[in-house]
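The structure appears right after this line, and notes come after that.
FYI, it's all coordinate maths here, none of it is from the lab. This is a predicted model, so every value here is computed, not measured. Glycine gets a Cβ as well: all are built from the backbone with ideal geometry, and neighbour counts include every protein chain shown.
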Amino acid sequence: MSAAALRVGLVGVGGVCSAVHYPGLSLIDGVEIAGICEPGDDLRQQRQRQWGIDAAFAGIDDLLAEVAPDAVSIATPNVYHKELIFAALEAGCHVICEKPLGMDFAQTQEIYDRGKASGRRHMTAFTYRFVPAMNYIRHLVQSGALGSIRHARFQRLQDWGERAIGWRQYRDQAGSGELGDMGIHRLDFAEDLLGPIHAVCGHAKQLVPRDRTKEGAPCPPQDVEDWIAWIAEFASGTTGVFEMGKLAKGHGPGGDHDLAELNGTEASVVYRLHAPHEILFAPRGEPYRARAVPEEFLKRPGAPRDPAVGDPVVTFRYDQAWEFVSAIRAGRDCIPSFWHGMRAQAVADAILEAAATRRWVDIPDCPV
């Protein structure tokens with residue numbers, strides 16, 4: 001496809017779309033935001049005014065029929081992903097969809113199979129693959145600078161308070177709680193760095209009811225986990241320890257905490273989200289010292305953004321749109337694709353089974 005014109009429709013224009021998908025796509029030459037789809041009248045009209053978009057619809061069928069976009073970006077509650085993806089693929093669109101891709105492993109298999117059969121480009125929005133520090137750590141792992149990785153730990157700790165958090169707290173809309181919200185990102189980039197997970201054991205808890213809105217009005221209580229932890233055995237022999245929680249104080253400057261640490265036979269390395277342009281690095285026998293991410297890893301090759309402009313904790317996410325558009329223009333697979341969304345869901349479902357049955361669970365094979 002020529003770089004001259006790629007017309008994209010945005011489906012679901014809430015916070016994630018506004019913070020990640022829209023600004024990322026808007027930076028790329030030759031990309032036109034051709035229309036939006038949002039069932040909420042107030043939000044749809046707000047985005048029309050804010051973004052200067054005339055073509056706005058309450059349903060995807062009207063968007064696809066009236067605008068006929070080349071590609072769509074889907075950022076809706078998880079329960080709607082499958083039907084929206086299928087509609088977009090049926091209309092001949094390339095698709096990027098927020099994580100988790102489906103509500104469970106079986107559904108993500110259907111989604112991947114449909115995406116593969118369509119011949120269109122398909123991408124799962126695993127944003128953290130694009131953190132500059134993660135780009136650099138991936139290089140260090142692949143180059144052998146750390147030696148063989150023996151241990152790894154991954155943490156995402158936040159305190160969201162005890163009031164309701166919307167659709168994310170209901171199983172029939174989200175599929176799972178903290179695992180599907182924050183944990184599945186860490187599953188994806190852990191396998192990206194360390195290879196496939198072979199087996200898991202874990203534990204999950206729902207700690208509070210969240211039966212009051214932020215304003216104090218009663219609402220249906222949550223029925224998903226707000227804390228989860230698991231141990232993973234990677235096929236390589238590496239052991240990984242993961243913990244995610246929405247009621248946990250972290251060490252970051254904002255009171256949260258997002259960390260990945262790899263311990264190798266030659267050196268150890270740490271990623272921290274609040275410092276995306278640096279890592280902590282320590283050869284064996286030496287203390288950790290901060291190391292700036294080299295320039296070539298600050299963004300993906302060719303990406304239009306300037307790493308020195310804006311909040312670096314936010315702007316790295318725009319490279320996700322660059323990967324999507326670049327794959328469409330080059331006629332290659334997106335990375336991460338729907339396959340990676342399916343793979344992460346296979347591990348996530350195994351973690352939930354392990355927590356429910358209090359035993360180790362093997363990860364099923366994922367068809368290519």
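Descriptive notes on the structure:
- Candidates are the residues of segment 192-220 that are out of contact with any strand residue (DSSP E or B) (no Cβ under 6 Å at 6 or more places or on another chain) and part of a helix (DSSP H, G or I); the one that is nearest to Asn78 (Cα to Cα) is Asp192.
- Summed over segment 125-154, the residues that are among the aromatic types (Phe, Trp, Tyr), under 16 Å from Leu187 (Cα atoms) and part of a helix (DSSP H, G or I) give a count of 2.
- Of all residues in segment 100-124, those satisfying the criterion of being under 22 Å from Pro69 (Cα atoms) and not in a helix (DSSP H, G or I) are Leu101, Gly119, Arg120, Arg121, His122, Met123, Thr124.
- Some residue of segment 266-273 being within 21 Å of the chain's Cα centre (by Cα) and in a loop (DSSP other than H, G, I, E, B): yes
- Single match in Gly254, Gly285 (criterion: more than 30 Å from Glu225 (Cα to Cα), outside any strand (DSSP E or B) and over 20 Å from the mean Cα position of the chain (by Cα)): Gly285
- From Lys205, Lys249, Lys214, residue being surrounded by fewer than 19 Cβ atoms within 10 Å (Cβ to Cβ), closer than 25 Å to Val131 by Cα and basic (Lys, Arg): Lys249
- Single residue of segment 293-339 satisfying the filter (assigned to a loop (DSSP other than H, G, I, E, B) and touching a strand residue (DSSP E or B) at 6+ places or on another chain (Cβ under 9 Å)) that is surrounded by the most Cβ atoms within 10 Å (Cβ to Cβ): Pro336
- For Gln206, the test of being of a type in the set (S, T, N, Q) and without any contact (Cβ under 8 Å) to a residue 40 or more places away in the chain is passed.
- Looking only at residues of segment 252-269 that are touching a strand residue (DSSP E or B) at 6+ places or on another chain (Cβ under 6 Å) and surrounded by fewer than 21 Cβ atoms within 10 Å (Cβ to Cβ), we find that the one that is nearest to Leu146 (Cα to Cα) is Ala267.
- Every condition in (1) out of contact with any His (no Cβ under 9 Å at 6 or more places or on another chain); (2) in contact (Cβ under 8 Å) with a residue 40 or more places away in the chain; (3) in a loop (DSSP other than H, G, I, E, B) holds for Gln345 except the one numbered (3).
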